[in-house]
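Report on the following structure.
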Amino acid sequence: MGPEFDRCVIVDDDDDILLAARLLLRPLFREVITARTPEDALPKIERHTPDVVLLDANFARGATDASEGLAWLDRLTQLDPEIVVVMITAHAGVHVAVAAMKRGATDFVPKPWSNDRLLATVRTAAALRRSRVAAGAPRPAPASKSPLLGHSPAMARVHSLIERAAPTDANVLILGQNGTGKEVVARELHARSQRAGQVLQTVDLGAIATELIDSELFGHVKGAFTDAKTDRIGRIQAADGGTLFLDEIGNLPLHLQPKLLTALEQRQVTPVGANKPVKVNIRVIAATNMPRDRLMDERVFRQDLLYRLNTVEIALPPLAERPEDVIELAEHFLALYAERYNRPLPTLGDAARAALIAHDWPGNVRALRHAVERAVILSTRTVLDPEDFGLEAGVSRPAPTPTPQAADLNLDRVERRLVEEALRKHGYNITGAAAELGLSRAALYRRMEKHGL
Ligand SMILES: Nc1ncnc2c1ncn2[C@@H]1O[C@H](COP(=O)(O)OP(=O)(O)OP(=O)(O)O)[C@@H](O)[C@H]1O
């Protein structure tokens, strides 16, 4: 069998490192291109669109803060936003890890590396990139294509609520941890409503900078503030006639909550800087991963707005509380990804089934979906084992991570521990945990996927 992948570019100022990496990676790639400086590497990267770039973090003699490597990382991601960069660093500190993640690195290899780990890291990075490119589809697949699966008693209640609430114009509030399927429920509600032929306008309030939320939701008129060069219709108005899906509603700043309440009560919006309101006809679906008790705290969320939004409330339990759904979901995703990646459909072995059911899935259905995708891409077995999903046979939870010790500087473990700690601290609120780690939500999801969280 020939090499699995096309091209890899390695950038390091140390000839020994370049030689070692070239020898190690040659069986994986048709061509391994080396460069001693990023300046040399740039035209090669532009010309060859490599599957993976291995980039040293430190170039200047004696430099240890990785600033040069990070600056080059920025240039590379600007050049190709899809680029897969694995950082190599001899001075692996957590701050370097976090800074590089924030700026789009896919992974890290501390130097001196272990050959197995370098190979595994590079192979995973290359496989994921190639599969995505071949599929021509960014992940995750559009949720609209995913029907709402699950026959557990909890999901049966959810289906029944959707059936009853969808055709009415009642506002619906969907509660549930990250990855439990809130967006799928919102789409299902819209699809089964009388507004199905109209627009479903989604606003992810967790993804918009706080200072922009006002004009994003309500719109603005030209000259309302310095950057308002033209009139801009807000998302509420853009949803006119259809459904407005306010995702991560818990992130709506307190000072804007009365404004949204007024808009919903009066069925009209006043764009920033305008003096006349505009009529709108919308049905509102909102979702949040905020635990109910926080949402009931007047200091966090205005209760009058909450009552306006939760005419019907649909709570999605964490996946761990509905183990009956795990195999149905896993088999659905297996079929989906086997087809997408053009692989023979593997089956779940008994041990894999047991491990999938026993796992506590803190990242819920999203994490299960990613674990299945990875298994489809990377496994060559026809009957899948727990290891194909990054799980251990007969272990229901990931081994508890040891308390930080000065001796444990393994970047991978440190990263996993930081991500876990941040998630726990923020009650699995992705926006909060991402902010604390200094990552975008997308980058945090990638870390969660990588560590099977
Ligand atoms: N019951 C389900 N049936 C089929 N697919 C599901 C189900 N629940 C979740 N998924 C899939 O899991 C992934 C996460 O779901 P979704 O985006 O709806 O979660 P969410 O609760 O909105 O997450 P977040 O709060 O993090 O945005 C999606 O790919 C979705 O298709």
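Every number here is computed from the coordinates shown, using simple stated rules; none is lab data. Values in this document were obtained by computation on a predicted structure and should not be read as measured data. Ideal geometry is used to build each Cβ from the backbone, glycine not excepted, and the neighbour counts take in all protein chains shown.
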* Between VAL383 and GLU328, what is the FRET efficiency for a Förster distance of 22 Å, r being their Cβ-Cβ separation, to the nearest 0.05? -> 0.75
* Structure fact -> One quarter of the C-alpha convex hull surface, i.e. the mean projected area of segment 146-317 in nm², amounts to 10.0 nm²
* Asked: In the structure displayed, which of LYS259/LYS425; LYS111/LYS450; LYS44/LYS111 lie more than 22 Å apart, Cα to Cα?
  -> LYS259/LYS425; LYS44/LYS111
* Structure fact -> For VAL278, other-chain or 5+-apart residues with amide H closer than 5 Å (H placed, Pro excluded) are VAL269, THR270
* With a 10 Å Cβ neighbour count serving as the proxy for reagent exposure, in which order, fewest first, do ASP214, ASP80 appear? -> ASP80, ASP214
* **Segment GLU163-ASP16, extension gain: residue separation times 0.36 nm, minus the distance between their alpha carbons** => 46.5 nm
* **Potential extension, THR37-HIS255 segment - 0.36 nm per residue separation minus Cα distance** => 73.5 nm
* To do: Please give every one of the aspartates and glutamates within straight-line cross-link reach of LYS279, meaning a C-alpha to C-alpha distance under 14 Å, and leave out same-chain neighbours fewer than 8 residues apart.
  => ASP240, GLU265
* **segment 169-324, relative contact order [Cα under 8 Å, separation at least 6], %** => 37 percent
* **Amide hydrogen neighbours beyond the local backbone of LEU348, cut-off 5 Å, H modeled** => LEU384
* Asked: In percent, what relative contact order does the chain have, based on Cα pairs under 8 Å that are 6 or more apart in sequence?
  -> 14 percent
* Taking the alpha-carbon centroid of each part, what is the distance from segment 197-214 to segment 328-349 in angstrom? -> 33 Å
* Measure off 7 Å from each Cα along the Cα-to-Cβ vector at GLU321 and SER114, then give the distance between these two points in nanometres to one decimal. => 3.8 nm
* Could you pull the Cα extents of the chain along its three principal axes, largest to smallest, in whole Å? => 70, 58, 43
* **Sequence ranges 366-374, 435-443, ranked by mean other-Cβ count within 10 angstrom, highest first** => 366-374, 435-443
* Asked: What ranking, highest mean first, results for peptides 199-207, 177-185 when packing means the other Cβ atoms within 10 Å averaged over each residue?
  -> 177-185, 199-207
* Within the chain, percent of DSSP bridges classed antiparallel, to nearest 5 -> 10 percent
* Calculated from backbone phi, Karplus (6.51, -1.76, 1.60) coupling profile of segment 24-41 in Hz, x at Gly/Pro -> 5, 8, 4, x, 8, 10, 5, 9, 10, 9, 10, 8, 8, 9, x, 4, 5, 6
* Considering every pair of different Cα atoms, what Kirkwood radius, in Å, is found for segment 320-389? -> 11.8 Å
* Whole-Hz ³J(HN,Hα) from phi, Karplus 6.51 cos²θ - 1.76 cosθ + 1.60, for segment 198-211, glycine and proline x -> 9, 6, 10, 9, 9, 10, 9, 6, x, 9, 9, 4, 3, 6
* Cut-off 20 Å, label 7 Å out along Cα→Cβ of ASP297, residues of segment 246-270 by amide N -> 248-258
* What number comes out for the charge environment of ILE327, summing +1 per Lys or Arg and -1 per Asp or Glu over other residues with Cβ under 14 Å away? -> -2
* Structure fact -> Residue by residue through segment 437-453, the couplings from Karplus 6.51 cos²θ - 1.76 cosθ + 1.60 with θ = phi - 60°, in Hz, x for Gly and Pro, are 7, x, 10, 6, 4, 4, 5, 5, 4, 4, 5, 5, 5, 4, 9, x, 8
* Structure fact -> Nearest 10, in degrees from 0 to 90: the angle of helix 115-135 to the longest Cα principal axis of the chain is 50 degrees
* Structure fact -> Sorted by chain and number, the residues with a modelled amide H under 5 Å from that of ILE314, at a separation of 5 or more or across chains, are LEU173, ILE174, LEU175
* Quick one: net charge of ARG381's neighbours, Cβ under 14 Å, K/R +1, D/E -1? -> -2
* To do: Order by neighbour count: TYR341, TYR445, fewest other Cβ atoms within 10 Å first, most last.
  => TYR341, TYR445
* Structure fact -> Share of Cα-Cα pairs in segment 259-378 beyond 21 Å, whole percent, is 59 percent
